[in-house]
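Visitor: Please see the structure below; I have some questions.
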Amino acid sequence: MSGVAKGQALKQLRTLVQARALGRHVGSDRLIQAALDALLADVDSPSLPLLAGLGRREEHEAQELFDHVTEELGIGFEAPADPTAAKWALAYWLATQIVDGSLDPATGADLIWAEAAMDLGYPNELEPVVTCAIQLADWNESWDIPLEQLKEEALRAARELVERRGPETIA
C-alpha cells in the first residue's frame, strides 16, 4: 500500500493540474508517480492505470495521459487568460503551497518574487513576501537572524497574502 489516502492522492493530482495550468514545469516522472499513488489509494479512472504503468521509454506519453486522467476525474483547472490575472493566480497559488507545507518558504518566496512580483511591477500586496525572498537570498551564517526565523517570516507573509485574498484563493 502506498500510504497515501484517496483524498491526499486527489489533492496531489489537482496540485499538478494547477501547476501545469499556471505554467510550471511538471516532469513526466512526477505525473507517473502521482498516478501510481492515486491508483494505490483506490482512485478510479480508466486512464490512471495506463499512466501509472508507464516505463522510462514511454514517459513521452505521460503528459497526454495525464490530461485524460484530469478529464476523467473532472479535476481540470484553467488559468486566467489575462496575463496579469495569471501572474496573480500564480502568486496566490505559490503562497498557498507555502502555507500548506508543500513548498519550502524560501523557495516559494523566491518564486513569487521572480515569477510574479517582477512581472506585476512589485505591487504592495506582494512586498512582504518579496522582502522575505530578498533577505533569504542574501542570508549567510554571519547574520544574527537564524535562517529558520527568516523562513518563518516568509511563511507568515504567505499566510497573510492568502488570507487577504479570501476564500476564492486557488484550492
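Visitor: Between Ser102 and Leu50, what length in nm is gained on full extension when 0.36 nm per residue of separation is reduced by their alpha carbon distance? Working shown, then result.
Guide: Numbers: separation 52, 0.36 × 52 = 18.72 nm, distance 2.65 nm.
Net length gain for the segment: 16.1 nm.
Visitor: With each run of n ≥ 4 DSSP H residues scored as -39500 (n - 2.57), what mean residue ellipticity at 222 nm is computed for the chain after dividing by its residue count and rounding to the nearest 500 deg cm²/dmol? It would help to have the intermediate numbers written out before the result.
Guide: Working: 8 runs with 102 residues, N = 171.
So the calculated ellipticity at 222 nm is -19000 deg cm²/dmol.
Visitor: If I take the Cα coordinates of segment 28-73 and project them onto the principal axes, what are the three extents in Å, biggest first?
Guide: Between the extreme Cα coordinates on each principal axis of segment 28-73 lie 26, 19, 14 Å.
Visitor: List the residue ranges in the chain for DSSP H helices whose C-alpha atoms run 20 angstrom or more along the long axis and whose Kyte-Doolittle average is 0.0 or above. Don't jump to the answer; show the numbers that get you there.
Guide: On the way: long enough: 6-21 (23 Å, -0.46); 83-99 (24 Å, 0.69); 147-165 (27 Å, -0.95).
Flagged H segments are 83-99.
Visitor: May I ask you to give the percent of accessible area on segment 14-171 that is carbon plus sulfur, with a probe radius of 1.4 Å? Could you put the intermediate results ahead of the total?
Guide: On the way: 4270 of 8580 Å².
Carbon-and-sulfur percentage of accessible area, whole number: 50.
Visitor: Give me the accessible area of His60, 1.4 Å probe, in Å² rounded to the nearest 10.
Guide: 140
Visitor: Using only the Cα atoms of the chain, each taken as one equal point scatterer with no solvent, compute I(q) by the Debye sum, divide by I(0), and report log10 of the ratio at q = 0.12, 0.16 Å⁻¹.
Guide: For the requested q values the scattering log ratios are -0.62, -0.95.
Visitor: For the chain, calculate the relative contact order in percent as a whole number, restricting contacts to Cα pairs under 8 Å that are 6 or more residues apart. Write down the numbers at each step before the final one.
Guide: Numbers: 197 pairs, mean separation 31.9, N = 171.
It rounds to 19 percent for the chain.
Visitor: Let me ask something additional. Taking only protein heavy atoms into account and a 1.4 Å probe, give the accessible area per residue of the chain in Å².
Guide: Numbers: 9430 Å² over 171 residues.
Accessible area per residue, the chain: 55 Å².
Visitor: To continue, here is another question. Give the average over all directions of the projected area of the C-alpha convex hull of segment 85-163, one decimal, in nm².
Guide: On the way: hull surface 18.9 nm².
Answer in nm², one decimal: 4.7.
The values are calculated or read from the model by the stated rules, or taken from the named source; none is laboratory data. Since we're looking at a predicted model, the values are computed, not measured. Surface areas here come from the heavy atoms of the whole protein model, side chains and all, with no ligands, DNA or RNA. Shrake-Rupley method; radii C 1.70, N 1.55, O 1.52, S 1.80 Å.
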